[in-house]
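J.: The following block contains the structure, expressed as structure tokens.
The values are calculated or read from the model by the stated rules, or taken from the named source; none is laboratory data. Computed from a predicted model, the values in this text were never measured in an experiment. Cβ coordinates were reconstructed from backbone atoms using ideal geometry, including for glycine residues, and neighbour counts include every protein chain displayed. Protein only, heavy atoms only, side chains kept; ligands, DNA and RNA dropped before computing areas. Shrake-Rupley method; radii C 1.70, N 1.55, O 1.52, S 1.80 Å.
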There are 4 protein chains.
Amino acid sequence: MSNKLTHEEQEALVISEDPEHPANLISELCREFYKLGWVTGTGGGKSMSSNSYLPEHVYLAPSGVQKERIKPEHIFVLPFAQSSVPRPGSKRDFLRIPSKKGLTESQCTPLFWNAFTMREAGACIHTHSQHAVMLTLLHPRDAQSFKISHQEMIKGVRIGGVGKTLSFFNTLEIPIIDNTAVEEDLTESMAAAMEKYPDAPAILVRRHGVYVWGNTWEQAKTQSECLDYLFEIAVKMLLAKLPLVGDN
Amino acid sequence: MSNKLTHEEQEALVISEDPEHPANLISELCREFYKLGWVTGTGGGKSMSSNSYLPEHVYLAPSGVQKERIKPEHIFVLPFAQSSVPRPGSKRDFLRIPSKKGLTESQCTPLFWNAFTMREAGACIHTHSQHAVMLTLLHPRDAQSFKISHQEMIKGVRIGGVGKTLSFFNTLEIPIIDNTAVEEDLTESMAAAMEKYPDAPAILVRRHGVYVWGNTWEQAKTQSECLDYLFEIAVKMLLAKLPLVGDN
Amino acid sequence: MSNKLTHEEQEALVISEDPEHPANLISELCREFYKLGWVTGTGGGKSMSSNSYLPEHVYLAPSGVQKERIKPEHIFVLPFAQSSVPRPGSKRDFLRIPSKKGLTESQCTPLFWNAFTMREAGACIHTHSQHAVMLTLLHPRDAQSFKISHQEMIKGVRIGGVGKTLSFFNTLEIPIIDNTAVEEDLTESMAAAMEKYPDAPAILVRRHGVYVWGNTWEQAKTQSECLDYLFEIAVKMLLAKLPLVGDN
Amino acid sequence: MSNKLTHEEQEALVISEDPEHPANLISELCREFYKLGWVTGTGGGKSMSSNSYLPEHVYLAPSGVQKERIKPEHIFVLPFAQSSVPRPGSKRDFLRIPSKKGLTESQCTPLFWNAFTMREAGACIHTHSQHAVMLTLLHPRDAQSFKISHQEMIKGVRIGGVGKTLSFFNTLEIPIIDNTAVEEDLTESMAAAMEKYPDAPAILVRRHGVYVWGNTWEQAKTQSECLDYLFEIAVKMLLAKLPLVGDN
């Protein structure tokens with residue numbers, strides 16, 4: 001760890017009375033997401049780079065901890081500028097590592113970086129929402145993407161996650177990639193899917209969950225909610241044998 | 001904006017220690033509705049004219065904000081008396097516009113006005129409840145309305161939303177109108193449906209959600225809950241192939 | 001109203017710092033039941049006679065109010081000893097009527113009295129739980145009762161609601177009666193069903209909900225929860241075409 | 001009861017300001033599990049031996065009480081070292097018995113001891129989760145176990161509940177045993193299943209619920225959540241006729 005900051009400087013990175021400070025927000029949102037069933041067990045990470053708040057820093061929720069009990073002092077902080085994509089276990093730069101024993105950096109780090117570098121996203125959220133997983137299970141094994149249209153909630157989603165919002169008459173398309181044994185091994189296939197589907201606001205991972213990003217934490221959160229609503233209703237529609245695309 | 005009030009007078013419109021003041025109520029109810037899944041993402045508006053509290057004013061929840069984080073100072077206030085139906089973007093009268101950046105007036109404003117002027121409603125609630133949307137999806141494409149009878153919860157609904165409560169043996173009928181790309185474009189079809197179905201206590205919008213109104217905020221809220229209960233059980237009944245009307 | 005108490009004596013009946021005082025409990029439990037979806041809208045009453053606390057008094061939740069906003073001062077108090085079954089609108093004895101406008105006594109009063117007099121119950125709970133209603137809808141029109149066996153949760157239910165707890169190998173049977181337009185008109189058919197099924201711990205009302213009682217408020221509440229669990233799983237089993245009785 | 005402690009020493013066992021003290025944790029977790037619907041009614045016990053905190057003591061939640069209202073002073077404390085498996089009603093050692101009337105020791109005690117002695121678990125959780133019960137109901141009557149593979153959430157579960165975490169490509173297998181009239185009569189069949197399935201992290205009980213353990217309370221809790229997620233999605237998959245094992 002090439003950390004040059006003193007202990008006090010490190011702590012100052014995560015201690016703030018501003019409820020919108022990333023360290024406070026990540027803790028609060030993880031509690032909210034826990035109630036939604038998105039991050040139970042130890043599942044589901046959450047990261048936030050703070051283009052609006054502190055553009056040069058990336059705040060990461062820890063792994064190996066109950067998500068509803070995360071506190072600001074459990075947060076990892078990395079500089080956004082890295083010599084290479086920061087993979088867990090590899091050499092890379094940190095500004096702050098939490099001192100509590102047993103906390104490890106999320107394996108999702110390189111996947112979050114995909115959103116930051118390929119979409120200039122300011123925040124990225126990963127959940128194991130059952131609606132997302134059931135949706136991938138209800139698609140044929142060789143399906144490359146999920147499509148839905150004619151839903152008001154589509155209007156809450158932005159093109160590519162960071163552009164203009166979609167219209168009611170647009171078809172939303174989200175690629176589905178295969179899961180891998182180790183989470184960071186998703187990095188390349190996620191990047192390939194993001195390249196092939198530049199308008200997609202998220203990536204679904206078969207039998208695993210979803211990655212959603214946005215310009216800010218508010219947009220990442222509201223888009224996560226809109227998409228989860230759409231995943232849920234799509235599952236219900238498929239079970240009721242209703243077509244997902246078109247206005248029949 | 002033809003606002004003649006001073007800044008202090010504007011703020012006084014939304015700052016009150018009375019929990020039943022519309023600015024406090026809208027904020028509180030949006031938090032409750034968020035927990036019910038009615039207004040996740042940025043979806044679902046809420047408005048309240050206060051015939052019982054301040055009959056000459058209309059309080060509107062803002063758009064483009066997370067509904068569970070609305071605070072009294074985010075509320076728009078309009079005079080009830082307007083020269084024409086107040087459409088977003090058109091010229092119209094305001095008493096107060098929140099100063100926080102990024103808050104816009106709900107696109108639902110002219111739809112809420114339908115309830116205020118055609119039913120003399122004192123409050124109107126709009127949600128994207130999945131039960132409402134699934135119900136419209138499970139109806140044939142050309143269905144004009146949803147009908148249900150022989151449910152105790154029907155007794156919690158008022159004729160036309162503002163009259164006497166229905167009896168257990170009454171059939172509740174709610175028109176279903178098509179969605180449009182822009183929310184305010186629903187204004188005319190909603191008005192036409194309200195005219196055609198004078199006893200209907202709400203309007204369902206296909207693939208979108210529902211508008212519910214009442215004499216007071218309490219009645220609008222309890223009728224929203226009764227109707228959502230009926231939408232939910234109707235979806236379950238349709239999936240189980242049980243008839244919605246009659247007592248078989 | 002043959003109330004001989006002074007205003008101060010009346011208020012003393014509902015103001016207590018003891019969280020287990022019936023006026024506090026009814027308010028708290030209604031908030032909890034609201035979160036469970038049992039008493040949304042204005043639906044679902046709750047009553048408690050307090051054999052353990054104040055055996056000579058019956059505390060009743062008001063009607064026409066949002067159940068999650070009930071406060072101790074909204075509670076009706078009646079003497080348990082009445083010259084006849086206390087029907088709403090009929091002449092009868094009160095110890096306290098809440099002063100807030102618009103609050104009316106629950107129409108369930110004579111039904112609660114069935115539980116008090118026929119089972120010597122100390123508390124009775126009425127809800128519009130959707131699991132209860134769906135269960136009645138999934139039964140044939142002429143079914144007289146719901147039966148289930150071989151469920152661990154059966155062990156949380158008492159014979160007749162007030163006797164010994166059932167065993168895992170017992171079959172639980174709960175009569176289903178038809179709904180009526182006016183709730184108090186259920187009084188006789190509920191009493192007849194309680195007479196015909198002396199071991200039943202509750203009465204299901206088709207297309208309406210359920211009445212559950214117990215020796216104390218704790219037993220009424222925990223039996224309501226056990227029964228609702230059984231109603232919910234029975235609905236799932238019927239939809240999955242699994243038999244409710246037997247251990248196949 | 002062979003308790004040699006003074007009243008003050010007994011109380012000191014359960015009164016602590018440390019939120020991670022077992023007496024505080026059991027109370028808090030029971031409230032959380034109540035909200036999840038795992039321990040409604042009087043169902044579901046929870047125990048914790050504290051290898052990390054106080055290795056020589058076992059803390060037990062009481063039976064016959066509403067789980068969301070458990071307080072530290074309601075907790076039973078036993079020495080871990082017992083002359084024989086501590087069965088309810090049999091003679092055995094206690095360090096503390098709560099003084100509140102009506103509280104009885106959980107019938108699960110000997111089942112928890114299975115986890116403590118056969119797996120050296122530090123905590124064990126028992127719930128009546130409907131997902132667990134429905135899962136057993138959807139299995140053939142003679143099924144010996146539940147198997148699932150290719151789910152990200154499998155990675156949150158440890159081999160035998162206390163070993164290394166499973167990989168995405170591992171098949172998780174959990175034995176299903178028959179229920180008995182008296183909970184403690186499950187002791188032998190649970191032990192036999194744990195012997196036959198040494199890698200299983202939990203035991204499912206048909207028409208009853210599940211027992212889950214872990215090295216610490218955190219691991220027992222997060223594994224309970226991961227497993228409940230898997231039970232829930234397995235039920236959905238079975239109803240949708242999707243295979244539980246393999247990656248079709």
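J.: State the number of residues belonging to region C:70-88 that are under 17 Å from the mean Cα position of the chain (by Cα) and small (Gly, Ala, Ser).
T.: 0
J.: Out of C:GLY41, C:GLY37, report the one residue that is part of a loop (DSSP other than H, G, I, E, B), open to solvent by less than 10 Å² (accessible area, probe 1.4 Å) and within 14 Å of chain B (Cβ to nearest Cβ). So that I can check it myself, show each step before the final result.
T.: Working: C:GLY37 fails: open to solvent by less than 10 Å² (accessible area, probe 1.4 Å).
Step by step, each of C:GLY41, C:GLY37 is checked, and only C:GLY41 is part of a loop (DSSP other than H, G, I, E, B), open to solvent by less than 10 Å² (accessible area, probe 1.4 Å) and within 14 Å of chain B (Cβ to nearest Cβ).
J.: Yes or no: C:ALA200 among the hydrophobic types (A, V, I, L, M, F, W, C), open to solvent by 20 Å² or more (accessible area, probe 1.4 Å) and farther than 26 Å from D:VAL210 by Cβ?
T.: On the way: among the hydrophobic types (A, V, I, L, M, F, W, C): yes; open to solvent by 20 Å² or more (accessible area, probe 1.4 Å): no; farther than 26 Å from D:VAL210 by Cβ: yes.
Against the criterion (among the hydrophobic types (A, V, I, L, M, F, W, C), open to solvent by 20 Å² or more (accessible area, probe 1.4 Å) and farther than 26 Å from D:VAL210 by Cβ), C:ALA200 does not qualify.
J.: Return the residues of region D:201-233 that are closer than 26 Å to C:PHE168 by Cα, among the small types (Gly, Ala, Ser) and within 14 Å of chain A (Cβ to nearest Cβ); say none if nothing qualifies.
T.: Residues satisfying the conditions are D:ALA202, D:SER224.
J.: What residue, among those in region D:220-248 that are open to solvent by 40 Å² or more (accessible area, probe 1.4 Å) and in a helix (DSSP H, G or I), is farthest from B:LEU239 (Cα to Cα)?
T.: Selected residue: D:GLU232.
J.: Identify the residue in region C:51-79 that is surrounded by fewer than 18 Cβ atoms within 10 Å (Cβ to Cβ) and more than 14 Å from C:LEU25 (Cβ to Cβ) and, among all such residues, is modelled with the highest pLDDT.
T.: By that ranking, first place goes to C:GLU73.
J.: Of everything in region B:154-172, what is touching a residue at least 24 places away in the same chain (Cβ under 8 Å) and open to solvent by less than 10 Å² (accessible area, probe 1.4 Å)? Give them in sequence order.
T.: Within region B:154-172, B:ILE154, B:VAL157, B:GLY160, B:GLY161, B:LEU172 qualify.
J.: Another question about this same structure. List the number of the failed condition for C:LYS236; all other conditions in (1) facing chain D (nearest Cβ under 7 Å); (2) touching a Ser or Thr at 6+ places or on another chain (Cβ under 8 Å); (3) not acidic (Asp, Glu) hold.
T.: (2)
J.: Sort out which residues of region B:185-209 are touching a residue at least 60 places away in the same chain (Cβ under 8 Å) and of a type in the set (Val, Ile, Thr), and write them in order of number. Walk me through how you get there before you give the answer.
T.: Narrowing region B:185-209 to residues touching a residue at least 60 places away in the same chain (Cβ under 8 Å): B:186-187, B:190-191, B:194-195, B:204-209.
Of everything in region B:185-209, those that are touching a residue at least 60 places away in the same chain (Cβ under 8 Å) and of a type in the set (Val, Ile, Thr) turn out to be B:THR187, B:VAL205.
J.: Within region C:158-167, identify whether any single residue is closer than 13 Å to C:ALA115 by Cβ, among the aliphatic types (A, V, I, L, M) and within 17 Å of the chain's Cα centre (by Cα), and answer yes or no.
T.: Yes, region C:158-167 has at least one match.
J.: Condition check: without any contact (Cβ under 8 Å) to a residue 60 or more places away in the chain, open to solvent by less than 30 Å² (accessible area, probe 1.4 Å), of a type outside the set (Gly, Ala, Ser) and more than 24 Å from A:THR127 (Cα to Cα). Does D:PRO175 satisfy that? If you could, list the steps in order and put the result at the bottom.
T.: On the way: without any contact (Cβ under 8 Å) to a residue 60 or more places away in the chain: yes; open to solvent by less than 30 Å² (accessible area, probe 1.4 Å): yes; of a type outside the set (Gly, Ala, Ser): yes; more than 24 Å from A:THR127 (Cα to Cα): yes.
It is true that D:PRO175 is without any contact (Cβ under 8 Å) to a residue 60 or more places away in the chain, open to solvent by less than 30 Å² (accessible area, probe 1.4 Å), of a type outside the set (Gly, Ala, Ser) and more than 24 Å from A:THR127 (Cα to Cα).
J.: Could we say that A:ILE97 is in contact (Cβ under 8 Å) with a residue 24 or more places away in the chain and open to solvent by 40 Å² or more (accessible area, probe 1.4 Å) here?
T.: Numbers: in contact (Cβ under 8 Å) with a residue 24 or more places away in the chain: yes; open to solvent by 40 Å² or more (accessible area, probe 1.4 Å): yes.
Here the answer is yes, as A:ILE97 does meet what is asked.
J.: Would a scan of region B:203-217 turn up a residue that is part of a helix (DSSP H, G or I), over 19 Å from B:LEU244 (Cβ atoms) and at pLDDT below 95? Let's see the steps before the verdict.
T.: Applying the first criterion (part of a helix (DSSP H, G or I)) to region B:203-217 yields B:217.
Subsequent filtering for residues that are over 19 Å from B:LEU244 (Cβ atoms) retains B:217.
Filter again for at pLDDT below 95, leaving B:217.
Within region B:203-217 (the criterion being part of a helix (DSSP H, G or I), over 19 Å from B:LEU244 (Cβ atoms) and at pLDDT below 95), the answer is yes, since at least one residue qualifies.
J.: So, one more: Got a number for residues in region A:203-218 being surrounded by 20 or more Cβ atoms within 10 Å (Cβ to Cβ) and in contact with a strand residue (DSSP E or B) (Cβ under 7 Å, 6 or more places away or on another chain)?
T.: 11
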